[in-house]
Amino acid sequence: MDMPDPRAAVLSKKANLVERLQAVLPADAVIHEAQEVLAYECDALTAYRCPPLAAVLPSSTEEVAAVLRICHEEGVPVVPRGSGTSLAGGALPTADSVILGVARLTEVLETDYDNRFIRVQAGRTNLSVTGAVEADDFFYAPDPSSQLACAIAGNIGMNSGGAHCLKYGVTTNNLLGVTAVMMDGTVVEIGGAHLDAGGLDLLGLICGSEGQLALVTEATLRILRKPEGARPVLMGYNSSEVAGRVVSEIIKAGILPVAIEFMDRPCIRATEDFAGAGYPDCEALLIVEVEGSDAEIDAQLGVILQIARKHDPVAIRESESAEESARIWLGRKSAFGAMGQINDYMCLDGTIPVDKLPEVLRRTAEMAAGYGLEVANVFHAGDGNMHPLILFDANAPGELEKCEALGADILRLCVEVGGCLTGEHGVGVEKRDLMSDQFAPEDMEAQMRVKDVFDSAWLLNPAKVFPLAVSAARRAA
Ligand SMILES: Cc1cc2nc3c(=O)[nH]c(=O)nc-3n(C[C@H](O)[C@H](O)[C@H](O)COP(=O)(O)OP(=O)(O)OC[C@H]3O[C@@H](n4cnc5c(N)ncnc54)[C@H](O)[C@@H]3O)c2cc1C
């Protein structure tokens, strides 16, 4: 008796699916040739790759709804994708999935300065939201380092932050409402143009849900007036632990700088070679920026510099001009690119209480030495959001596995000291199997029941966030 060929079943399913998608989208919005779908096989966590069945690029909420309706009927998983800059593998496809990219949803729909909001399509890049309002002296606060490329959709998916989120909060604090499409194609409006909506905080659920609950097509964002002025100060120390202590003392003093950024020697060296920002030769560097009128800036910096000087700095450089401010930020902003020039690296993202910075930096270095690997640190120190970069050679056999094991140990350390597995990059595939280090089975069950409500067949971005075995069992049930 002839056995059925499983590959033939997938291919015939794909042919039927592509035909149905082509019936609701323009021809160039359905990408299905094997060579073309390779463009979607990974996000910025390039260690993991898997080409999808197909990728679609709808241009409206209605087209998104039509695609989801078809995939729902066909039982095909859908992976939402913004610009694919996730460092956690959040937009990584599975072999049986359709990538739904929002790159064609880029319009500004409404700008309201009286009520301080802007409504945009979700594929618009983060930086171009500020770009749309800066001529009128407004800005959108969350500023991921990837802001030139990443989309508001992905920012909402990951509840992204950035250097200036210490003062202004992360995406969830600046998101007022969304238009989203449920897996069965139903379009829903959540939140609005005002600060708070009645009923349960569904917007809070959507923000940071990593494409698990609904597909966001439009977003209403809070915009702010540009501050009168801002001034960064750069401080160099001969120990990472001491720099960590300075950070926690600044926070303890009750001052709220707009940013406190940290870089250690390997990062300083790499960025100096790459960008030549004129950073001092030291073990650890802080950039602290405050905002306001000149008088406000002077008052805040007075307290900050007093704390800084108590700890024997190697260097202190207060900006005296816009050019100098830009130069102080230049190295920090190019740190990831600079590190990428000299090494393969895995960028971790965990959060810890600020007073644990010295301990976590010390223990991270000890753990890295135990694995024979080097770790460089560049991160948002003011809110305890660590980004250890594990340097490794992707071509050396066994190095990736060693790097993953060290990464898991560092993230477990974040949890152990009272922090969290994620800061701003999300769980994705990278940390899904560490979720049980943070959550008891009952906690995870409660979170999965939320997904059940939004997406009962578990078709939206499957195989992310929850441990693989747990989510596979849920999907099969
Ligand atoms: C060099 C570099 C620097 C970075 N710096 C920062 C930083 O400072 N701060 C920070 O927070 N992150 C940073 N990141 C990580 C990344 O840029 C953010 O996570 C970003 O928000 C991802 O946006 P994206 O549009 O690329 O989303 P993608 O990578 O495409 O997707 C991210 C997640 O959102 C989901 N998603 C995408 N679109 C939708 C949608 N329409 N509806 C529902 N869910 C959706 C995806 O399924 C996925 O889970 C950095 C990345 C790089 C490469």
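When the residues of the range 1-48 are narrowed to those that are among the hydroxyl-bearing types (Ser, Thr, Tyr) and either surrounded by fewer than 18 Cβ atoms within 10 Å (Cβ to Cβ) or over 20 Å from residue 92 (Cα atoms) (or both), which ends up modelled with the lowest pLDDT? Only one residue fits best here, namely 12. For residues in the range 408-427 being within 23 Å of residue 338 (Cβ to Cβ) and at pLDDT below 95, which is nearest to the ligand (Cβ to nearest atom)? If we take residues in the range 408-427 being within 23 Å of residue 338 (Cβ to Cβ) and at pLDDT below 95, then 424 is nearest to the ligand (Cβ to nearest atom). Counting the residues of the range 148-175 that are surrounded by 20 or more Cβ atoms within 10 Å (Cβ to Cβ), under 13 Å from the mean Cα position of the chain (by Cα) and in a loop (DSSP other than H, G, I, E, B) gives 7.
Answer with yes or no whether residue 391 is touching a helix residue (DSSP H, G or I) at 6+ places or on another chain (Cβ under 8 Å), farther than 24 Å from residue 80 by Cβ and within 16 Å of the ligand (Cβ to nearest atom). Against the criterion (touching a helix residue (DSSP H, G or I) at 6+ places or on another chain (Cβ under 8 Å), farther than 24 Å from residue 80 by Cβ and within 16 Å of the ligand (Cβ to nearest atom)), residue 391 qualifies. From the list 51, 80, 58, the one residue that fits, being in a strand (DSSP E or B), in contact with a helix residue (DSSP H, G or I) (Cβ under 8 Å, 6 or more places away or on another chain), crowded, with 18+ Cβ neighbours inside 10 Å and at pLDDT 95 or above, is 80. When the test is whether a residue is within 10 Å of the ligand (Cβ to nearest atom), under 17 Å from residue 211 (Cβ atoms) and not in a loop (DSSP other than H, G, I, E, B), residue 178 passes it. Counting the residues of the range 181-194 that are surrounded by fewer than 17 Cβ atoms within 10 Å (Cβ to Cβ), at pLDDT 95 or above and part of a loop (DSSP other than H, G, I, E, B) gives 2. Among the numbered conditions (1) within 14 Å of the ligand (Cβ to nearest atom); (2) within 30 Å of residue 97 (Cα to Cα), the only one that residue 162 does not meet is (2). The set of residues in the range 309-336 that are within 16 Å of the ligand (Cβ to nearest atom) and among the polar types (S, T, N, Q) contains only 334.
When residues in the range 112-127 are screened for being of a type in the set (Ser, Thr, Tyr), surrounded by fewer than 21 Cβ atoms within 10 Å (Cβ to Cβ) and either within 12 Å of the ligand (Cβ to nearest atom) or not assigned by TED's automatic domain parsing to the domain that holds residue 154 (or both), 0 of them pass. Applying the criterion of at least 1 residues that are within 16 Å of the ligand (Cβ to nearest atom) and farther than 30 Å from residue 364 by Cα to the helices (runs of 4 or more DSSP H) found wholly in the range 195-277 leaves 202-206. Just one of the numbered conditions (1) within 16 Å of the ligand (Cβ to nearest atom); (2) surrounded by fewer than 16 Cβ atoms within 10 Å (Cβ to Cβ); (3) touching a residue at least 60 places away in the same chain (Cβ under 8 Å) is not true of residue 339: (2). Picking from residues in the range 351-388 that are touching a Lys or Arg at 6+ places or on another chain (Cβ under 9 Å) and either assigned by TED's automatic domain parsing to the domain that holds residue 166 or over 15 Å from residue 260 (Cβ atoms) (or both), the one that is farthest from the ligand (Cβ to nearest atom) is 372. Would the range 87-98 turn up any residue that is away from the ligand (no atom under 15 Å from the Cβ) and buried (at least 19 other Cβ atoms within 10 Å of the Cβ)? Within the range 87-98 (the criterion being away from the ligand (no atom under 15 Å from the Cβ) and buried (at least 19 other Cβ atoms within 10 Å of the Cβ)), the answer is no, since none of the residues qualifies.
Of 304, 316, 297, all but one fail to be modelled with pLDDT of 95 or more and crowded, with 21+ Cβ neighbours inside 10 Å; the exception is 304.
Apart from one condition, residue 130 fits all of (1) assigned to a strand (DSSP E or B); (2) surrounded by 16 or more Cβ atoms within 10 Å (Cβ to Cβ); (3) away from the ligand (no atom under 12 Å from the Cβ); the exception is (1). Scoring residue 234 on the criteria (1) of a type outside the set (Gly, Ala, Ser); (2) buried (at least 24 other Cβ atoms within 10 Å of the Cβ); (3) assigned by TED's automatic domain parsing to the domain that holds residue 122 leaves a single failure, condition (3).
Let's see how each residue does on (1) at pLDDT below 95; (2) within 20 Å of residue 158 (Cα to Cα):
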{"position": "198", "(1), (2)": "yes, no"}
{"position": "217", "(1), (2)": "no, yes"}
{"position": "221", "(1), (2)": "no, yes"}
{"position": "224", "(1), (2)": "no, no"}
{"position": "244", "(1), (2)": "yes, no"}
{"position": "247", "(1), (2)": "yes, no"}
{"position": "255", "(1), (2)": "yes, no"}
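The values are calculated or read from the model by the stated rules, or taken from the named source; none is laboratory data. If you're wondering where the values come from, they're calculated on a predicted model, not measured in any experiment. Using ideal geometry, Cβ is built from the backbone for each residue, glycine included, and neighbour counts are taken over all protein chains shown.
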